[in-house]
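Comments concern the structure below.
The values are calculated or read from the model by the stated rules, or taken from the named source; none is laboratory data. Here the structure is a predicted model, which is why all the values come from computation and not from measurement. Reconstructed Cβ throughout: ideal geometry from the backbone, glycine too, with neighbour counts over all protein chains shown.
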Amino acid sequence: MTSHRTRTIVAAILGVLTVIVLTVTLTATWARATVVRSEPITRMASDTLAQPEVQAGIATWITEQIAGSVDLEVRLTDTLPDSLDHLAPVLANGANTFVEGTITRALGTDVVQGVLVTIVLSGTVALVAFLIVKYTVGLRVSEEAEREGLDITSHGEAAYES
């Protein structure tokens, strides 16, 4: 009877180990084929960034962000003499057009495209790492641990004296 029970336990343990090894192997194979191989992502990002429409769209967005944060027209109106206030919109529009053209030309260079491809690739890897952490160990501690304080719940001592 003990021989049968021992075989059953060993078979169950081997079955569980097989499932674990198979899961790890499939995950590692998938990661090697998709995440670790950066050539497809690099190629896709390079091809996308090489398109003039994409460069123009990125340049327009960056210019709008700069113009929105600087508000050049208001600054020019405040700086110019009252007799030249009517030139502020024209000067601001000219400056925005110049900035957008400069950014568009810069986006066409290999150096800037290389930097953007690196950002896309790094972002992709960071997203995968973020999702792995989120669905395995979680991103937050429990509400109780947060209320009590991480110094006590995680380290077992108070960080500050009461």
Meets criteria (in contact with a helix residue (DSSP H, G or I) (Cβ under 6 Å, 6 or more places away or on another chain) and either assigned to a helix (DSSP H, G or I) or small (Gly, Ala, Ser) (or both)) for Val74: no
Residue list for region 1-45, filter: closer than 19 Å to Leu127 by Cα, part of a helix (DSSP H, G or I) and not aliphatic (A, V, I, L, M): Thr27, Thr29, Trp30, Arg32, Thr34, Glu39, Pro40, Thr42, Arg43
Tyr135 being farther than 19 Å from Ile62 by Cβ, touching an Asp or Glu at 6+ places or on another chain (Cβ under 9 Å) and of a type in the set (Phe, Trp, Tyr): no
For Arg105: the one exception among (1) in a helix (DSSP H, G or I); (2) over 30 Å from Ile66 (Cα atoms); (3) free of Cβ contacts under 8 Å to residues at least 60 places away in the same chain: (2)
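Yes/no matrix, rows are residues, columns are (1) of a type in the set (Val, Ile, Thr); (2) within 30 Å of Ala31 (Cβ to Cβ); (3) in contact with a His (Cβ under 8 Å, 6 or more places away or on another chain):
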position: Glu64; (1), (2), (3): no, no, no
position: Arg75; (1), (2), (3): no, no, no
position: Gly94; (1), (2), (3): no, no, no
position: Val111; (1), (2), (3): yes, no, no
position: Arg140; (1), (2), (3): no, yes, no
position: Glu148; (1), (2), (3): no, no, no
Residue in region 38-52 that is farther than 29 Å from Ala129 by Cα and exposed (fewer than 14 other Cβ atoms within 10 Å of the Cβ) present: yes
Which listed residue is surrounded by 10 or more Cβ atoms within 10 Å (Cβ to Cβ), at pLDDT below 90, closer than 30 Å to Val99 by Cβ and not assigned by TED's automatic domain parsing to the domain that holds Gly114, from Ala28, Ala67, Ala56: Ala67
